[in-house]
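Let me begin by presenting the structure, written as structure tokens, before commenting on it.
The values are calculated or read from the model by the stated rules, or taken from the named source; none is laboratory data. Just so you know, these numbers come straight off a predicted model, no measurement behind them. Positions of Cβ are backbone-derived with ideal geometry, glycine not excepted, and every protein chain shown enters the neighbour counts. Side chains are part of the model used for accessible areas, which takes the heavy atoms of the whole protein and leaves out ligands, DNA and RNA. Shrake-Rupley method; radii C 1.70, N 1.55, O 1.52, S 1.80 Å.
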Amino acid sequence: MIRVLQVYPQLNNAGTEMVIMNFYRNIDRKIIQFDFLVQKKGELDENVKKLGARIFYIENGQDYAEKIKEFLNEHKEEFKIIHTHIHREMGIVLKIAAKVGIPYRIAHSHNARTDLPKVMKFYKMITGYNIERYATHFVACSDEAAEWLFPRKYGQAVVWKNAIEMERFVYSDEVRNEKRKELDIPLSGKVVCHVGRFAKEKNHKRILMILNDLMKKDKELYAVLVGVGPLLDEMKKDATTSKIKFLGNRTDVPEILCASDIFLFPSLYEGLGIVAVEAQTNGMYCLASENVPKSANLGTGRFGQLSLKESNELWEDRIETILNDIEMKKRKEASLKALETEYNIKVISKNVQKFYLNLESK
């Protein structure tokens with residue numbers, strides 16, 4: 001059996017972690033097993049243990065590099081493949097892995113940030129040299145994410161789409177009605193949805209401004225915001241009506257999407273935006289910022305983009321137009337069409353498994 005060491009900051013119910021979890025659940029775990037090296041305990045720890053993984057904890061601190069070196073030296077005969085997802089410390093981990101003799105070192109880019117201040121861009125450039133120097137293989141969720149983290153090596157990167165278990169997200173009238181009843185939303189209501197961590201990059205400030213304006217004009221409008229994070233309490237204060245529902249961490253996101261009508265996604269940056277793929281798989285229209293890579297568009301006719309430089313009024317007009325033009329028949333057709341796209345986990349997981357097997361065979 002091949003054991004791959006996945007290096008993460010923490011295993012939580014967030015987009016990046018769920019991508020690897022989707023791969024992990026769908027590869028043949030009798031052939032390939034994942035183990036995880038993380039900095040602190042997370043929400044998914046027990047889930048990955050049930051799938052056969054081990055979790056090793058090394059807290060980030062002044063002695064982080066020394067502890068990583070000690071750990072990799074101890075386990076270098078066990079792990080021939082190390083797969084890093086931890087952008088900030090990625091260069092450190094890859095350099096140490098190379099020095100201790102781990103032959104296959106994968107750098108994985110999940111983001112394409114355009115908002116970094118100059119000092120952070122300089123820091124990224126410096127640390128990026130170690131990533132490009134010591135990684136043996138490069139993986140990214142999109143071409144944009146590859147070019148952002150590996151500016152001199154992105155042509156060598158393999159793109160793994162942020163695939164999902166699409167069947168879970170197929171639209172259902174029955175589920176829609178049940179979930180609306182549970183959420184205390186009338187069947188006649190219009191629902192704006194967002195799923196994402198309450199952190200700066202998801203642009204909840206803009207979301208709340210738009211929702212507050214729209215709800216002054218439309219008494220039938222509701223909103224559901226799924227996620228937790230450092231800005232959650234602040235955003236709750238910004239909401240001017242109880243019809244904006246903060247749902248916290250949820251395991252029923254497919255059902256919540258069924259209950260919604262439009263997905264609002266004005267991110268400051270994204271590597272891809274897996275939730276946009278999930279929303280389109282549900283047949284819902286996704287209105288995203290231009291900072292979301294175009295590769296997030298499934299081609300089912302349910303994806304549009306606006307610049308964040310545009311006024312709130314333009315965003316609101318677009319949302320109103322979409323909500324006034326809802327046809328459930330088209331939504332169901334788009335949902336089924338999504339199953340045929342390259343974001344289906346059953347397709348991508350085979351490529352992921354083949355990738356690891358090819359490394360081991362060398």
Sites D317 and L357 - FRET efficiency at Förster radius 35 Å, r taken between beta-carbons, to 0.05: 0.10
Roll a 1.4 Å probe over the protein heavy atoms and report the accessible area of H137 in Å², nearest 10. 40
Peptides 140-147, 175-182 ordered by average Cβ neighbours within 10 Å, highest first: 140-147, 175-182
Degrees, to the nearest 10: 328-338 long Cα axis against longest axis of the chain: 10
Heavy atoms of R88 accessible to a 1.4 Å probe, total area in Å² rounded to 10: 150
Rounded to 10°, Cα long-axis angle of helix 312-323 versus longest principal axis of the chain: 80
Calculated over the range 23-62: convex hull of Cα atoms, volume per residue (Å³): 71
Relative contact order, percent, of the chain when contacts are C-alpha pairs under 8 Å separated by at least 6 residues? 16
Filtered hits (aspartates and glutamates, Cα-Cα < 15 Å from K41, offset >= 8 within chain) -> E17, E59
Prolate/oblate/rounded call for the range 161-200, Cα gyration tensor, a/c under 1.5 rounded: oblate
Report, to the nearest 10°, how far helix 15-26 tilts away from the longest principal axis of the Cα atoms in the chain, using its own Cα long axis and a range of 0 to 90°. 70
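Could you work out the local net charge near Y154, counting Lys and Arg as +1, Asp and Glu as -1, over the other residues with Cβ closer than 10 Å to its Cβ? Write down the numbers at each step before the final one.
Details: positive: R152, K153; negative: E132, D143, E144, E147.
Within the 10 Å Cβ shell, the charges total -2.
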Can you give the Rg to Rh ratio for the chain, taking only C-alpha atoms and Rh from Kirkwood? 0.98
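Assuming R0 = 30 Å, can you tell me the calculated FRET efficiency for the pair E182 and K40, based on Cβ-Cβ distance, to the nearest 0.05?
Working: r = 33 Å, r/R0 = 1.10.
After rounding to 0.05, the efficiency reads 0.35.
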The relative contact order of the range 148-238, taking Cα pairs under 8 Å that sit 6 or more residues apart, comes to a percentage of 30
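Which order do peptides 13-20, 164-171 fall in by mean Cβ count within 10 Å, highest first?
Values: 13-20: 21.8, 164-171: 18.5.
Descending packing order for the listed peptides: 13-20, 164-171.
Given a cut-off of under 8 Å on Cα pairs at least six residues apart, what relative contact order in percent is computed for the range 181-231? Before the final figure, lay out each step's value.
On the way: 49 pairs, mean separation 28.3, N = 51.
Reported relative contact order: 55 percent.
Report the charge-dipole magnitude of the range 144-273 in Debye, nearest 20, computed about the Cα centre from +1 at each Lys and Arg Cβ and -1 at each Asp and Glu Cβ. Before the final figure, lay out each step's value.
Numbers: 22 positive and 20 negative charges, 91 e Å.
The calculation lands at about 440 debye.
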